[in-house]
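**Student:** One structure follows; several queries about it will come next.
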Amino acid sequence: MRGAAALAAVLALGLSACGKGEDEAKAPEETTVVATRSDADIPAWLSPTDPMDPARWLASKALGRPAPEVGSQTEHLRHSLQRAKTSFIEDPRMVANRTVQLGQMLAEAGKPEPYADLLDGLEEVAAATTRKQLYGELCQHYFNTRQQGADRAQALARLTERYAAQPDAPAPAAGDTAKPPP
């Protein structure tokens, strides 16, 4: 019975607005100014069309609030992402996304690491070979190695050894007379 009375009260309030002028009948939400998306919003992930600088986004994710465009952490990450272009196939936006994903996975496993340390450490691993690497794959190998009980230094050392053992370039197939690309 109480539910019916409450419903009747709500309906009565709604109907009472019908006879009023347009301005008087507007709900408070209709006259409230809604903020538009700004720098204060840190997207959960960088999309391919997101205009935010990947280094600034990564610094913002690390800080938990918007990072300044220029600052030591943003500049460090900008430099790291620039170096990543020579080591990894993925673009800086994807490297930033994967770094945050790895950092979140490690934190959930009770092994948090700063994003800058993850990126710099994995770049060092990739530098052990002359071939460009898949950053996402390397992140997964690092996570798995950490889950197997290795600490940060041990995991990076194992991966460096593993990646250093890769051949510099794939061997040509038998009978292949084409020259490898420069």
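The values are calculated or read from the model by the stated rules, or taken from the named source; none is laboratory data. Keep in mind that what you see is a predicted model, and the values were worked out from it rather than measured. For neighbour counting, all protein chains shown are included, and Cβ atoms are generated from backbone atoms with ideal geometry for every residue, glycine included. Surface accessibility is based on the protein's heavy atoms, side chains included, excluding ligands, DNA and RNA. Shrake-Rupley method; radii C 1.70, N 1.55, O 1.52, S 1.80 Å.
**Student:** Suppose accessible area is computed on protein heavy atoms with a 1.4 Å probe; arrange S72, S80 from highest to lowest.
**Tutor:** Reading off the accessible areas and sorting them downward yields S72, S80.
**Student:** Solvent-accessible area of M105, probe 1.4 Å, all protein chains present, reported in Å² to the nearest ten, please.
**Tutor:** Spelled out: M105, probe radius 1.4 Å, area about 50 Å².
**Student:** Between T49 and E161, what FRET efficiency comes out of the Förster formula 1/(1 + (r/R0)^6) with R0 = 41 Å and r the beta carbon distance, rounded to 0.05?
**Tutor:** With R0 = 41 Å, the Cβ-Cβ based efficiency is 0.55.
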